[in-house]
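Take a look at the structure set out below.
Read-outs: derived from the displayed coordinates by stated rules, not from any lab. Being a predicted model, the structure only gives us computed values, none of them experimental. For neighbour counting, all protein chains shown are included, and Cβ atoms are generated from backbone atoms with ideal geometry for every residue, glycine included.
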Amino acid sequence: MHISLVIPLLNEEASLLELHQWVSEVMTSHNFVYEIIFIDDGSTDNSWRLIEHLTSKDSSVKGLKFAANFGKSQALNAGFKKAQGEVVITMDADLQDSPNEIPSLYKMIVTDGYDLVSGWKKKRYDSKIRKNIPSKLFNWAARKTSGIALNDFNCGLKAYRLKVVKNINVRGEMHRYIPVLAKNAGFANIGEKIVKHQARKYGVTKFGMERFVNGFLDLITIWFVSKFGKRPMHLFGLLGTCMFAIGFFAAFTIGFLKLLNLYYYQRPAPLVADSPLFYISLTTMILGTQLFLAGFIGELVLRSKNNSANYTILEEL
């Protein structure tokens, strides 16, 4: 099989039939052997009924229905597990991603040898204030943090070699950082292609301004996981040891000065507990101990974690 097309969706009944027809025309014209995997992420409209209709008349269409809205990352993860094609391509179901880009994305993976190719919606039809400007800031921060030179991390139109999607785990809201997950898994040959962005034809966007706040928080998470995800003790243990050492040295200094005044200079010395530095040093030692224990617990959790899915598939076609 040449291509697996993974399409997560939420309440996109108006666009599904048109999208399926467009995809089928592109695939047929290029003689691709393909499958389309629709993942219904808890839609409350007739999206699932349309997917059932499509699977009954087109053997290339498959469907997964989530029991509730678990999020785009979980939908992509479920689709990746089912994908069988040599190249896996993801796109949104709202017709803003053009299926005409599929052949060139496929070529970049198969012929040019990329592990992952991310679309770049250089010219966008979204609101500049609500989406374009925050998106540019977000992508700048993601480039600086990850070291991956992509202009549009959040573009839903991406192509992957099959072994890439089988070796990454997309959870939480990490779909924005799949290139970073791929790089961390050893797939560093990442390319980018300018793709056509189309104005939304039906419905309304499912993402608000909060996604950019969440995106920056996730960016911090992905940075931490990239650096210390497999060795949390290296961060927490180092910080804890340093803080404990500083606190212990400060407390030792206070005690030494008191003894020096009492027995060497033969003069009264203030109580240790009267010094603010004593409480600062005590707090520092406690925090250092807690940080060290956090690193130790992190190592234990890492070694005992389970990899069970955090979504529920209600039906599969």
(Q) Could you derive backbone 3J(HN,Hα) for segment 184-195 from the dihedral phi with the Karplus parameters 6.51, -1.76 and 1.60 (θ = phi - 60°), listing whole Hz in sequence and x where the residue is Gly or Pro? (A) 5, 7, x, 9, 9, 7, 10, x, 9, 9, 5, 10
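Once you have the Cα-Cα distance between residue 81 and residue 52, take 0.36 nm times their residue separation minus that, and quote the gain in nm to one decimal.
Working: separation 29, 0.36 × 29 = 10.44 nm, distance 2.02 nm.
Length gained between residue 81 and residue 52: 8.4 nm.
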Q | Candidates 15, 47, 56, ranked by Gaussian network fluctuation over the chain, Cα under 10 Å, top entry | A | 56
Q.
Could you tell me how far the Cα centroid of segment 227-301 sits from the Cα centroid of segment 25-65, in Å?
A. 61
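Nothing charged except the Cβ atoms of Lys and Arg (+1) and of Asp and Glu (-1): what's the magnitude of the dipole of the chain about its Cα centre? Round to the nearest 20 debye. Could the numbers behind the result be given before it?
Working: 38 positive and 27 negative charges, 220 e Å.
Taking the Cα centre of the chain as origin, the dipole is about 1060 debye.
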Q | FRET efficiency, 1/(1 + (r/R0)^6) with R0 25 Å, evaluated for residue 166 and residue 21 via beta carbons | A | 0.25
(Q) Going through the cross-link list 163/193; 82/122; 57/123; 62/183, which pairs have a Cα-Cα distance over 27 Å in this structure? (A) 82/122; 57/123; 62/183
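Only counting other Cβ atoms within 10 Å, I'd like 236, 252 sorted with the fewest neighbours first. Before the final figure, lay out the partial values.
Numbers: 236 21, 252 11.
The order, fewest Cβ neighbours first, is 252, 236.
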(Q) Just want the ordering: 281, 275, from fewest to most Cβ atoms lying within 10 Å of their own Cβ. (A) 275, 281
Q) Mind checking the angle between helix 276-304 and the chain's longest principal axis? C-alpha axes, 0 to 90 degrees, to the nearest 10. A) 40
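What list do you get for 38, 66 if you sort them by fewest beta carbons within 10 Å?
On the way: 38 28, 66 23.
Ascending number of Cβ neighbours within 10 Å: 66, 38.
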Q: Enumerate the aspartates and glutamates that residue 72 could reach by cross-link, defined here as Cα to Cα under 12 Å, with residues fewer than 8 away along the same chain left out.
A: 40, 41, 92, 173
Q. GNM, the chain, Cα, under 10 Å: largest mean-square fluctuation among 53, 175, 197?
A. 53
(Q) Could you tell me which residue out of 259, 186, 246 lies farthest along the dipole of the chain toward its positive end? Charges go on the beta carbon: Lys and Arg +1, Asp and Glu -1, centred on the Cα centre. (A) 259
Q: Kindly express, to the nearest 10 degrees and within the range 0 to 90, the angle between helix 133-146's C-alpha long axis and the longest C-alpha principal axis of the chain.
A: 60
Q.
Run the helix sum for the chain: -39,500 (n - 2.57) per DSSP H stretch of 4+ residues, divided by residue count, reported at 222 nm to the nearest 500 deg cm²/dmol.
A. -15500 deg cm²/dmol
Q: Working from Cα positions, state the angle (0 to 90°, nearest 10) between the long axis of helix 232-259 and the longest principal axis of the chain.
A: 10
Q. Along the positive direction of the dipole of the chain (beta-carbon charges: Lys, Arg +1; Asp, Glu -1; about the Cα centre), which of 3, 20, 56 reaches farthest?
A. 3
Q | Radius of gyration and maximum dimension Dmax of the chain, Cα, Å | A | 26.6, 99
